[in-house]
1. Search the stretch 133-152 for residues being assigned to a helix (DSSP H, G or I) and away from the ligand (no atom under 16 Å from the Cβ), and hand back the single one that is nearest to residue 47 (Cα to Cα).
2. Of everything in the stretch 118-145 that's open to solvent by 50 Å² or more (accessible area, probe 1.4 Å) and touching a residue at least 12 places away in the same chain (Cβ under 8 Å), which residue is nearest to residue 77 (Cα to Cα)?
3. From 261, 304, which residue is among the small types (Gly, Ala, Ser), outside the structural domain of residue 218 (by TED's automatic domain parsing) and either in a loop (DSSP other than H, G, I, E, B) or within 16 Å of the ligand (Cβ to nearest atom) (or both)?
4. So which pairs qualify, if the first residue must be in the stretch 354-366 and open to solvent by less than 10 Å² (accessible area, probe 1.4 Å), the second must be within 8 Å of the ligand (Cβ to nearest atom), the Cβ gap must be under 6 Å, and the two must be at least 6 apart or on different chains?
5. Open to solvent by less than 10 Å² (accessible area, probe 1.4 Å), more than 9 Å from the ligand (Cβ to nearest atom) and over 17 Å from residue 131 (Cβ atoms): which single residue out of 350, 346 fits that description?
6. Tell me which residues, restricted to the stretch 34-70, are within 6 Å of the ligand (Cβ to nearest atom) and in a loop (DSSP other than H, G, I, E, B).
7. Let me confirm something: among 389, 370, which residue is open to solvent by less than 20 Å² (accessible area, probe 1.4 Å) and acidic (Asp, Glu)?
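The values are calculated or read from the model by the stated rules, or taken from the named source; none is laboratory data. In this text, all values refer to a predicted model and were calculated from it rather than measured experimentally. Positions of Cβ are generated from backbone atoms using ideal geometry, with glycine treated the same way; all protein chains shown enter the neighbour counts. When the accessible area is computed, the model is the full protein with side chains, heavy atoms only, and any ligands, DNA or RNA have been set aside. Shrake-Rupley method; radii C 1.70, N 1.55, O 1.52, S 1.80 Å.
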Amino acid sequence: MTFNRRKFIAVGTAAAATLSAPAVLADGHGKPRVVVIGGGSGGATAARYIAKDSKGAINVTLVEPSRSYFTCYFSNLYIGGFTDLEDISHTYGTLAAKYGINVVHDWAVDVDRDSKTVSLAGGAVLPYDKLILSPGIDFVEDAVPGWSVAAQNKMPHAYKAGSQSELLKAQIMAMPEGGRFAMVAPPNPYRCPPGPYERISMVAHVLKQMNPTAKILVADPKPKFSKQALFEEGWQRHYGGMVERIGPDFGGENVSVDTEAMTIDIDGMVENVDICNVIPAQKAGRIADMAGVTEGNWAPVNAADMSSKVDPDVHVLGDAAAQGDMPKSGFAANSQAKVCAMAVRGALTGSKVFPAKFTNTCWSLIAEDDGVKVGATYEATEEKIAKVDGFISQTGEDAATRKATYEESVGWYAGITTDMFD
Ligand SMILES: Cc1cc2nc3c(=O)[nH]c(=O)nc-3n(C[C@H](O)[C@H](O)[C@H](O)COP(=O)(O)OP(=O)(O)OC[C@H]3O[C@@H](n4cnc5c(N)ncnc54)[C@H](O)[C@@H]3O)c2cc1C
């Protein structure tokens with residue numbers, strides 16, 4: 001290997017100007033290696049940005065079992081009939097072909113932080129200099145008595161998109177006339193705070209057209225929820241009398257189900273239901289636990305670079321991270337991934353690292369052309385990702401504003417999925 005002194009000096013100078021530690025950490029094994037576990041919102045973005053911006057200087061491997069990633073965002077719109085399943089499906093060909101990312105379709109089954117290796121179900125062992133975990137969520141076991149993942153085809157969660165979304169939609173289409181749809185809503189914190197309520201809106205939208213005497217029952221352990229006034233106003237306006245929500249004051253936190261009898265027990269009141277959409281309490285995807293970076297259900301991180309509080313060479317993104325004020329959303333995961341990618345590249349190649357800034361907006365569709373949103377900007381403090389300022393749609397907004405909000409969300413979807421997969 002020829003030693004290029006000018007290049008060395010250039011790298012050294014750049015490193016001195018960065019906010020992170022000095023660079024070049026290939027540890028004598030050639031190019032630095034980054035392994036990303038999870039090819040969803042956080043992982044795909046991080047892999048893409050590191051590979052794209054380092055222009056081949058870093059080896060990036062992305063480990064993801066699925067060949068198609070179905071976004072949860074817009075999966076409620078699929079249920080409502082506003083989009084097709086193919087339109088929310090994304091593949092990894094461009095990440096491999098255009099950016100040289102080594103995409104491995106397999107499960108990561110172990111992380112050894114001492115030897116800095118990841119083991120895959122297929123037997124391969126991947127060494128890393130920096131590991132990025134973005135495995136999304138798993139469900140807390142026994143969170144809803146009577147329900148387990150084994151029963152997910154009887155009572156779907158549809159909180160990981162794809163076949164579960166398809167199943168829930170098929171159940172709604174086949175629901176008997178005047179039947180009952182129940183949802184068990186999750187406790188905080190969970191993926192996509194407005195997600196369950198957008199789903200209720202989309203289910204009501206379908207039932208209003210196909211099955212107008214049907215009823216929707218929501219058992220909710222939370223006293224209040226995201227964009228509540230906006231959803232309640234919308235339900236009243238479009239679906240008057242169809243939706244009944246039972247909060248904790250009336251036993252909404254004391255729920256069990258019987259998947260065989262198709263009943264839901266809300267604080268001793270047993271109801272027969274035709275569909276039961278159980279969205280259990282959530283925790284970081286299991287591999288974060290296996291890597292030993294979780295504390296309780298989530299993985300605490302440093303806001304400046306999304307590095308784990310227990311290991312500076314492991315970064316945790318998206319839903320799995322305990323990061324502070326951001327909601328668990330695809331937009332947030334994408335935003336965090338860009339901060340992480342810049343920091344990882346800086347640490348491995350000496351490229352410039354700018355102070356972390358984050359943004360998020362969560363749009364929800366309540367009925368056709370009736371969209372609402374909530375959003376904020378954030379900065380990194382010593383303690384957490386801290387909210388700087390925010391905005392929210394107002395009740396009583398006119399139809400043109402609501403329509404424009406929905407159209408904005410369609411543009412956002414196209415933009416953010418391009419930013420992850422193209
Ligand atoms: C109904 C619903 C609606 C939503 N709507 C919105 C919205 O409008 N806007 C928004 O911003 N967000 C929305 N979200 C939230 C958003 O989907 C998540 O917050 C986001 O996907 C989190 O990104 P992530 O990278 O943490 O996890 P994910 O995107 O779930 O990606 C995790 C990936 O890791 C993989 N994985 C897990 N374990 C392993 C392993 N051991 N080895 C290898 N791979 C593994 C999984 O296969 C998965 O592909 C919604 C969610 C739901 C459920």
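1. Ranking the candidates gives 150 first.
2. Restricting to residues being open to solvent by 50 Å² or more (accessible area, probe 1.4 Å) and touching a residue at least 12 places away in the same chain (Cβ under 8 Å), the top hit is 145.
3. Testing whether each residue is among the small types (Gly, Ala, Ser), outside the structural domain of residue 218 (by TED's automatic domain parsing) and either in a loop (DSSP other than H, G, I, E, B) or within 16 Å of the ligand (Cβ to nearest atom) (or both) leaves just 304.
4. 360/329; 360/331; 360/332; 364/194; 364/198
5. Criteria check complete, one pass: 350.
6. 38, 39, 40, 64, 65, 66
7. Just a single option satisfies the conditions, and that option is 370.
A quick yes/no check of all residues on (1) in a strand (DSSP E or B); (2) among the hydroxyl-bearing types (Ser, Thr, Tyr); (3) closer than 17 Å to residue 131 by Cα; (4) away from the ligand (no atom under 11 Å from the Cβ):
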site: 73; (1), (2), (3), (4): no, yes, no, no
site: 77; (1), (2), (3), (4): no, no, no, no
site: 84; (1), (2), (3), (4): no, no, no, yes
site: 90; (1), (2), (3), (4): yes, no, no, no
site: 94; (1), (2), (3), (4): no, yes, no, yes
site: 98; (1), (2), (3), (4): no, no, no, yes
site: 106; (1), (2), (3), (4): no, no, yes, no
site: 109; (1), (2), (3), (4): yes, no, yes, no
site: 115; (1), (2), (3), (4): no, yes, yes, yes
